[in-house]
Amino acid sequence: MPKMHEVDYKVLGDDLQFVEIILDPGEAVVAEAGAMMYLEDGIEMTTIFGDGSQARGDFIDKLVGAGKRLLTGESLFMTVFQNQSSVIRKAAFAAPYPGKIQALHLAELGGELLAQKESFLVAAKGVTIGIAFQKRFGVGLFGGEGFIMERLQGDGWAFVHAGGTLLERELAAGESLRVDTGCLVALQPSVSYDIQLVGGLKSALFGGEGLFFATLKGPGRIWLQSLPFSRLASRIYAAAPQTGGRRREEGSILGGIGNLLDGDGR
């Protein structure tokens, strides 16, 4: 396994967070394209295929790594940020939407973690970022975001982002929990993951919670988010006037006055 870079960090902000990583000379981190917020002088960035965890490798190895990332819906490229100066420098990486950034030390989690695709933000250079297919047919067919997850391996720091509020929970052996498939952020490999139909036909059709739950069974730790981006995006899309969305008060006199005041009446 490649040697991890031992980086220090600070997570700053409340609902719109960013992580500031302190890099000693020669240290580096690898991040998703477009996640960078700022870089101090002396930090150089290099775009690479895959995750850059292999110090060496031919073009085919790099192409395979990039192809794995493409399957998860991520970019073919990642960016390495390395401190090439002789003094300590800082680099910051921002969350893509409101929520929380969670720092996870892979060595304390058994060296491996499964994360929802698009939740990975940045990691110490040397962390392997691959893919993990869910083996059960039901998960693959109805699991939504959970069918293909990112596999983070190594013994260094990795940072994931969750929408809304982040919940970390330890499941005891045999303990199960049903969650919305989009609310799952990450889990240890020891946690089993399956899909369960939501109650009866009436609950499935009119309950408003979708047709399927994700059933998680311990032992192991899980991380959940209260606001999946897909849920946020669907609410914004449904309310947008361009898509026929209407405000609650638009049918009243007050609604009409409000439209004139804020310019929506044109």
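The values are calculated or read from the model by the stated rules, or taken from the named source; none is laboratory data. All values derive from a computational prediction rather than experimental measurement. Positions of Cβ are backbone-derived with ideal geometry, glycine not excepted, and every protein chain shown enters the neighbour counts. Heavy atoms of the whole protein, side chains included, go into the accessibility calculation; ligands, DNA and RNA do not. Shrake-Rupley method; radii C 1.70, N 1.55, O 1.52, S 1.80 Å.
Values as computed for the structure displayed
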{"item": "Subset tally (residues that are closer than 20 Å to residue 213 by Cβ and either modelled with pLDDT under 90 or assigned to a strand (DSSP E or B) (or both)) for segment 139-165", "result": "13"}
{"item": "Flag for residue 72 being modelled with pLDDT of 70 or more, among the hydroxyl-bearing types (Ser, Thr, Tyr) and open to solvent by less than 80 Å² (accessible area, probe 1.4 Å)", "result": "no"}
{"item": "First in segment 220-238 and within 15 Å of residue 117 (Cα to Cα) and surrounded by 15 or more Cβ atoms within 10 Å (Cβ to Cβ), second anywhere and modelled with pLDDT under 95 and hydroxyl-bearing (Ser, Thr, Tyr), Cβ under 6 Å, 6 or more apart", "result": "229/97"}
{"item": "Test result for residue 233, modelled with pLDDT of 70 or more, aliphatic (A, V, I, L, M), out of contact with any strand residue (DSSP E or B) (no Cβ under 8 Å at 6 or more places or on another chain) and under 27 Å from residue 121 (Cβ atoms)", "result": "yes"}
{"item": "Residue match in segment 201-215 (condition: at pLDDT 85 or above and surrounded by 15 or more Cβ atoms within 10 Å (Cβ to Cβ))", "result": "yes"}
